[in-house]
Structures are given as structure tokens and as C-alpha cells.
């Protein structure tokens, strides 16, 4: 009986080592929470200051006032920069605490698996903007972000695959309800990030 228990412990240790070799263990739930808070703050600012609390549901609203969209895109880029910086800080801090290197073969694979869909979606969003289809930018961002998470989920915790599925569903819904992109953007990048960040923190960080 004691031998069986030792054998099971050895298997568990091997599985843990294998998980660490393929998964990016340094990602912190706090990074997700902060990214969600940034996104919600940006959404509130865009709604009040850029759109003056009058976001229309019609596509012609966006076509008639492109300046609003470009301001929103700039705000989104600032939010993305803040989220990435915060994510790197918390990941570095967690990696240091766990004794890991934040830059290794796993993080390189993660960067590629995340980067290709995200870059493709970003370029596609710019193409859409250049043609004046402003109302489709939010759906594209949500869809490609969700696809990026699913694509990179093999190097992340399993929960991120489900987050990716949720982002994809929101992106499809946003493509149907054109003009409510700011609302879907706030839910996808704000609320969902906070929810998953809290879950990740309680499960892996606390």
C-alpha cells in the first residue's frame, strides 16, 4: 500500500513537471483584474467624453462621425499598452516568487500562438477602418482575441480556453447588433477579464 502511494506521488510530480514545461505558469490573476478595470474605465470615458452618452445603434452614426471612432481606437491602444505593462509586471513578480524565468521556451511559444491571431486581427481591423466599416471594429477585436486565447490555451491554464470561447460568442453577438460595440467591448475586455482574473487569483495565486 505504501509503495502504491509512493508511485502515485511520483506520477503526480511527473505530471506537474510536464505541465510546467508546456504551460506559462507565471501569469497572474491580478493582471486580468487590472486589465478588466482599465477596459471598464476606458469604456466609461469613451461613452461620456467621446460619445457624450449618445452611442447610437445605427451603423450610419459611426460612418457619419469617424473622428469618434479614431479617438476610441486611440483610447483602446492606450488601454492595451497599460494592460500589457501591468501584465508583464505581475507575471515577472510571480515568476520571481516561484523561481521561474519569465522568458523561456514556453513564453516564446505563447507569444507566437497569441501574436499571430492578434496581429492578423489588428491588421484586419485597420483594413475595415480604412473602408469606413467602423461598426465592425469591435466584433473583429473580440473575435480575434477569442481565437488567440483558444489558440494559445495549450500554453496557458485551461480556464483561458473558456474565456476565449466567451470572447468569440460576444464577438459574434456584436457583429449582429452593430452599433453596440462599446457595450460588448466593455463586457468582453472589462467584465470577463475581471471575473476570470478573480477566479485565476483564487485558484492559482492566493
Q) residue 26 is checked against (1) touching a helix residue (DSSP H, G or I) at 6+ places or on another chain (Cβ under 9 Å); (2) modelled with pLDDT under 70; (3) farther than 19 Å from residue 157 by Cβ and fails just one. What number does that condition carry? A) (3)
Q: Give the number of residues within region 176-195 that are over 25 Å from residue 159 (Cβ atoms) and assigned to a helix (DSSP H, G or I).
A: 3
Q) How many residues does region 130-151 contain that are at pLDDT below 85 and in a helix (DSSP H, G or I)? A) 3
Q: Tell me which residues, restricted to region 79-99, are within 18 Å of residue 201 (Cβ to Cβ) and buried (at least 17 other Cβ atoms within 10 Å of the Cβ).
A: 83, 86, 87, 90, 91, 94, 95
Q | Conditions (1) assigned to a helix (DSSP H, G or I); (2) touching a helix residue (DSSP H, G or I) at 6+ places or on another chain (Cβ under 8 Å); (3) without any contact (Cβ under 8 Å) to a residue 24 or more places away in the chain: number failed by residue 126 | A | (2)
Q. Any idea which residue in region 115-135 is nearest to the chain's Cα centre (by Cα), counting only those that are under 16 Å from residue 189 (Cα atoms) and crowded, with 18+ Cβ neighbours inside 10 Å?
A. 118
Q: Sort out which residues of region 68-104 are over 30 Å from residue 133 (Cβ atoms) and free of Cβ contacts under 8 Å to residues at least 60 places away in the same chain, and write them in order of number.
A: 85, 86, 88, 89, 96, 97, 99, 101, 103, 104
Q.
Give all pairs with beta carbons closer than 8 Å in which a residue from region 36-60 that is closer than 22 Å to residue 167 by Cβ meets a residue that is at pLDDT below 60; count only pairs at least 6 apart in sequence or on separate chains.
A. 47/53; 47/55; 55/61
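The values are calculated or read from the model by the stated rules, or taken from the named source; none is laboratory data. Note that the structure is a prediction, hence the values are computed from the model and not measured. Don't worry about glycine lacking a Cβ; one is built from the backbone with ideal geometry, like all the others, and counts go over all protein chains shown.
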